[in-house]
């Protein structure tokens, strides 16, 4: 199932990859096991799947897990209404007595049926309840599922590369963990962050980048912030700073921090950061 | 291969499973692992399933491959605890000295290393005395005992228990960044309260009901008849009564505040009332407990399916609960003692719980907590307790 020799994952254009994660991704692909990624929001869990698809040139299928989701929705859907409609009016090319023609594949089904190896990203698995998680892992473990209506078994033609992300602080259930590899992405350190910024803004003024990163990390330090700003916020912030013609890079050192609303999305956090920023300016 | 490594991991307390070990063997056989660095990352990804154990894994790894000695048996935990205590000491020497029951001045003269060694000794003693499971799942604040040490009504439980709280402080420091014991944040509360809902069809009829559609179509001799349903919406009615009076609740205000914020955002039909210490004749709609009193007799008119959640430390002088004139408000003189009123509420609403921010291990020391927990099912205001309370509230019986 796994053939090409050039299919090592080495990173992508807009994704800075550390060596450790690269070898974990590669080993999970070779062992054909799902890779469970945990980490703070904004550490690039979802981006990783996109980077893999880009670098290995595989199609990406995203399953966004919702709290009310049932497993069967992710597998397939039986389109009763179209069939009912066809049987009444008889003007479609579908054969009404063939149920197969009314089965639509869900995201997992699509990944199984694809004739090319795909990357299946199961995003924010922790949103669903534990039953969903365990049942789904069975499907992924066996790489097959049944369609009850037609009594057929769908088997994966090519095992997809499965990336699962979770934001939860709580651990997932044991059977779930047993079936996948695990990695925790730590929040990038300032050096790494500088590289990430470099990838996103090629011609950025290095002083601006450094000052912005310094300010960013010192703001992450502020006590009792409920939602700490993450990489995504920093990138947007730098974008905002760049767009402002009046802005000078050295302002950041002086403690003049514009556009705090880009970094802090909750009003108590925002107020707090603003207070502290203005207090710093006085010294 | 690497059997010894595997067993060292197991002994040290990382939950590793044989299956995952086999997977590791498979990886080794496939020749994917070519260097020690590869082995380090791959073995971790395969064997260790939680970032909590990454640090332990690192220590075992350097022990196994570099020969760095492992800290002595119970060393891991105690090391971490002692470090936590040192931090605490630097922040607040007096409290720690009190908690450990030692002389502050004496400790002041020690170097950090000596201090750590001293703490370790103390911790080992502690472990001998207080075995077993503390579940310090974040009720916010380090030490309820330390904060409320001067409570006249019996919150204070003496030196011994304060020691417990010191171990607790240290315990909480372990895996500081990742542990589940952090303060209750909105996200965590929402996780716990997720199951607290009662789905009832509401809103416009815009969902197709397939079974009904087919049935009606048949009745209609094959002429399609679309049937629609309303979407399921959460219509759970909740009454939240919060003890916001008196300084015995002060240490818990932020936790309660979070719960309150969340409840307001999450549930459509939540009514919040306030009381002081315990409930007498009425509850107040305004936090100042001044403008809008509601007599609890009126509550019997409400839907008995309403879920009643009371949040309070249930700690007061016994007469406040038992005596017919226990209330400090002169207007509340119906002659019914608070305990009767509580029983009345519990009878009116069959689904009710009392959430107590006081750590469960302390309940036995306060008479009124015990008395009230006989009337309402009482749970600790922590992630664990919330989950149990929600389960109780959603219980059909």
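Taken together, the values in this text are just the output of simple stated rules run on the coordinates, not laboratory data. None of the values given here were measured: they were computed from a predicted structure. Every residue, glycine as well, gets a Cβ built from its backbone with ideal geometry; the counts of neighbours run over all protein chains shown.
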**OP:** Take every DSSP beta bridge with both residues inside the range A:9-122 and express the antiparallel ones as a percent of the total, to the nearest 5.
**Re:** 50 percent
Original post:
What distance in nm separates the simple spin-label points at residue A:157 and residue A:62, each placed 7 Å from Cα in the Cβ direction?
Top reply: 2.4 nm
**OP:** Using a Gaussian network model of chain A whose springs link C-alpha atoms within less than 10 Å, name the residue from A:207, A:66, A:104 with the highest mean-square fluctuation.
**Re:** A:207
Subject >> Kirkwood estimate for chain A, i.e. one over the average of 1/r between Cα atoms, Å >> reply: 21.7 Å
**OP:** Could you check which residue among A:15, A:76, A:102 shows the biggest mean-square fluctuation in a GNM of chain A with a 10 Å Cα cutoff?
**Re:** A:102
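Based only on Cα atoms, what Rg/Rh ratio does the range A:6-129 have, Rh being taken as Kirkwood's radius?
1.10
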**OP:** Report, in degrees rounded to the nearest 10, the 0 to 90 angle that the Cα long axis of helix A:190-200 makes with the longest principal axis of chain A.
**Re:** 70 degrees
**OP:** Report, to the nearest 10°, how far helix A:130-142 tilts away from the longest principal axis of the Cα atoms in chain A, using its own Cα long axis and a range of 0 to 90°.
**Re:** 60 degrees
Original post:
PRE reach from residue A:204 (point 7 Å along Cα→Cβ): which of the range A:242-272 fall under 19 Å by backbone N?
Top reply: A:242-265
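Using the per-residue mean of other Cβ atoms lying within 10 Å as a proxy for protection, in what order, highest first, do the peptides A:55-64, A:28-37 fall?
Result, highest mean first: A:28-37, A:55-64.
Please find the FRET efficiency linking residue B:373 to residue B:301, where r is the Cβ-Cβ separation and R0 is fixed at 25 Å, and quote it to the nearest 0.05.
FRET efficiency, residue B:373 to residue B:301: 0.35.
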Original post:
Most mobile of A:164, A:213, A:108 per a Gaussian network model of chain A (Cα springs, under 10 Å)?
Top reply: A:213
**OP:** With label points built 7 Å along Cα→Cβ from the Cα atoms of residue A:81 and residue B:65, find their separation and express it in nm.
**Re:** 5.7 nm
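If you take the beta carbon distance between residue B:294 and residue B:34 as r and set R0 to 60 Å, what does 1/(1 + (r/R0)^6) give as a FRET efficiency, to the nearest 0.05? It would help to have the intermediate numbers written out before the result.
Numbers: r = 73 Å, r/R0 = 1.21.
For R0 = 60 Å, the calculated efficiency reads 0.25.
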Subject >> Linear extension gain, residue B:391 paired with residue B:19, 0.36 nm per residue minus alpha-carbon span >> reply: 130.6 nm
Original post:
Taking only Cα atoms, what is the 0 to 90° angle, nearest 10, from helix A:19-31's long axis to the longest principal axis of chain A?
Top reply: 0 degrees
**OP:** Return one quarter of the surface area of the convex hull spanned by the alpha-carbon atoms of the range A:93-165, equal to its mean projected area, in nm².
**Re:** 5.8 nm²
Original post:
Say R0 is 45 Å: what FRET efficiency, to the nearest 0.05, do residue A:94 and residue A:14 get from their beta-carbon distance?
Top reply: 0.60
**OP:** Starting from the Cα gyration tensor of the range A:109-149, take the square roots of the eigenvalues, sort them a ≥ b ≥ c, and report rounded, prolate or oblate (rounded when a/c is under 1.5, otherwise prolate if a/b is larger than b/c, else oblate).
**Re:** oblate
**OP:** Give the peptides A:240-252, A:116-128 in descending order of average Cβ contacts within 10 Å, highest first.
**Re:** A:116-128, A:240-252
Subject >> Cα pair distances of the range A:164-283 binned at 10 Å [whole percent] >> reply: 11, 39, 29, 14, 6, 1
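What ranking do A:192, B:218, A:105 get, fewest neighbouring Cβ atoms within 10 angstrom at the top?
B:218, A:192, A:105
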Original post:
How many nm separate the modelled label positions at residue A:22 and residue B:208, each set 7 Å beyond the Cα in the direction of the Cβ?
Top reply: 5.0 nm
